[in-house]
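Step one of this worksheet: look at the structure below.
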Amino acid sequence: MVRPCFLVIDREYSGSISTRKLVIETAKFNVVTAYSALEAIDTLQAFPRLHGIVLDAGIRDMTCCDLVARMKELNPTLPVVVISAPGTHECPQADHLLESFEPAQLLALLQSLVPAEATAIEKRNEQLTKMQS
């Protein structure tokens, strides 16, 4: 089984890592993290076979719409999920706008992007649970 891999573009804070990265990894998806728009562009070029992008709309070094447009130039079919507070951002180039910071909503959306892989991971989790009983 190949686990889906997502690029998470998050704002950087001193002494912390992306909580979205941790949330996504709880679903047993792989995550590559970028903390700026320029780092995200370089990362997408280095890892072109990603399954999607999760972007904090509040990224500081480039507008969200400009960054999504650049990502789409590099890989037009790669799904982009933009996360923002309700009513604060519009980005028509994004494939999905998630106006919530609820981890369960993010995971449900990402699982819907890779349904076969998400099902395989869930079946594997069930097998592991049975083996541990």
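The values are calculated or read from the model by the stated rules, or taken from the named source; none is laboratory data. Note that the structure is a prediction, hence the values are computed from the model and not measured. Backbone-built Cβ (ideal geometry, glycine too); neighbour counts: all protein chains shown.
Annotation: GLN132 fulfils all but one of (1) loosely packed, with under 11 Cβ neighbours inside 10 Å; (2) under 14 Å from PHE29 (Cα atoms); the unmet one is (2). Selection of segment 86-108 for residues being of a type in the set (A, V, I, L, M, F, W, C) and either over 17 Å from VAL23 (Cβ atoms) or touching an Asp or Glu at 6+ places or on another chain (Cβ under 7 Å) (or both) yields CYS91, ALA94, LEU97. A single entry from ASP56, ASP10 fulfils the requirement of being of a type in the set (D, E, K, R), buried (at least 21 other Cβ atoms within 10 Å of the Cβ) and within 14 Å of the chain's Cα centre (by Cα): ASP10. Residue selection: VAL81 satisfies the criterion of being within 26 Å of ALA116 (Cα to Cα), at pLDDT 95 or above and buried (at least 19 other Cβ atoms within 10 Å of the Cβ). Counting the residues of segment 74-89 that are among the aliphatic types (A, V, I, L, M) and more than 16 Å from the chain's Cα centre (by Cα) gives 2. Scanning segment 68-82 turns up at least one residue that is touching a strand residue (DSSP E or B) at 6+ places or on another chain (Cβ under 7 Å), farther than 29 Å from MET1 by Cβ and touching a residue at least 12 places away in the same chain (Cβ under 8 Å). Among the residues of segment 86-108, are any surrounded by 15 or more Cβ atoms within 10 Å (Cβ to Cβ), part of a helix (DSSP H, G or I) and polar (S, T, N, Q)? So far as segment 86-108 goes, no, none of its residues is surrounded by 15 or more Cβ atoms within 10 Å (Cβ to Cβ), part of a helix (DSSP H, G or I) and polar (S, T, N, Q). Among the residues of segment 109-129, just one is more than 12 Å from the chain's Cα centre (by Cα), surrounded by 14 or more Cβ atoms within 10 Å (Cβ to Cβ) and of a type outside the set (A, V, I, L, M), namely GLU117. Among the residues of segment 21-40, at least one is aliphatic (A, V, I, L, M), within 13 Å of the chain's Cα centre (by Cα) and loosely packed, with under 13 Cβ neighbours inside 10 Å.
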